[in-house]
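The values are calculated or read from the model by the stated rules, or taken from the named source; none is laboratory data. Predicted model only: the values in this text are computed from it and were never measured. Cβ coordinates were reconstructed from backbone atoms using ideal geometry, including for glycine residues, and neighbour counts include every protein chain displayed.
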Amino acid sequence: MLDIMESLRFGTTSQKVLLLLLAGAALIIANSPNRQRRILRVAGREWRSLKRRELYRSIERLYESKLVFYKEQKDGSIIIELNRNGKKAALTYKIDEMSIPKPARWDGKWRIVLFDIPESIKNLRNTLRTKLRQLGLLELQKSVFIHPYECRDEIDFVIELYNARKFVRFVEATGLDNELHFKHKFKLL
C-alpha cells in the first residue's frame, strides 16, 4: 500500500475530493449529532471552495488511479465511493494536517490513551508514540499518554490509519494523583 501511495501524486483538489468522500463515510458512522454537524460544517466549506472543472478532472484522475469507483443508479445519477486504497490515501493526507482543537475552557477531564503493542511490531509502537507526541499528548508512562482536551475523534483516526485498534484503549478520567504537574505542563493553571 505504501508503494502505491508513494507513486501517486495528487493535487490539492484531488486530496480534497478524497477527504470529502471520507467525510461522507464518517458522517454515516458518527454517533452524535454534534459530530455530524461538525463534519457537515467542514465538508460544506471545503465543497464550496472547489472549482467544477478541477473537480471533474480530479475525480477522473482518482478513478484512473483506482482509488474510487463509480456506481450508476437507475435514475441516471452517479455515486462515487472510495475503495479501501482510497480510504487509506485520504487518511494519509489528513494525518499531516491533524491537530487537537483547544476549547475556550477546559472541562476538567483528562483523556488517556493506553496501548500494549507486541515487540514483534515495535515499528507500529514507535510510530504511534511519535504521532501522539505530534498531536500534543504527553507521556504519563511508556505506553500511556495524556491530554486535557477532547481528542477521541483524532485518536480514533490515528489508530484506524495505523490499524492499531486492538492494541489501543481510550479513557476519560476526572482526576490524576499528579494532576498539578500536568496542569502546569498543559498551561491550565
Just for strands (runs of 3 or more DSSP E) wholly inside segment 27-118: which have at least 1 residues that are modelled with pLDDT of 75 or more?
110-115
When segment 119-138 is examined, which residues are found to be in a helix (DSSP H, G or I) and surrounded by fewer than 17 Cβ atoms within 10 Å (Cβ to Cβ)?
GLU119, SER120, ILE121, LYS122, ASN123, LEU124, ASN126, THR127, THR130, ARG133, GLN134
Extreme residue, farthest from ASP107 (Cα to Cα), among residues of segment 164-189 that are touching a helix residue (DSSP H, G or I) at 6+ places or on another chain (Cβ under 8 Å) and exposed (fewer than 11 other Cβ atoms within 10 Å of the Cβ)
ARG165
Single unsatisfied condition, GLY175 versus (1) in a loop (DSSP other than H, G, I, E, B); (2) within 28 Å of ARG37 (Cβ to Cβ):
(2)
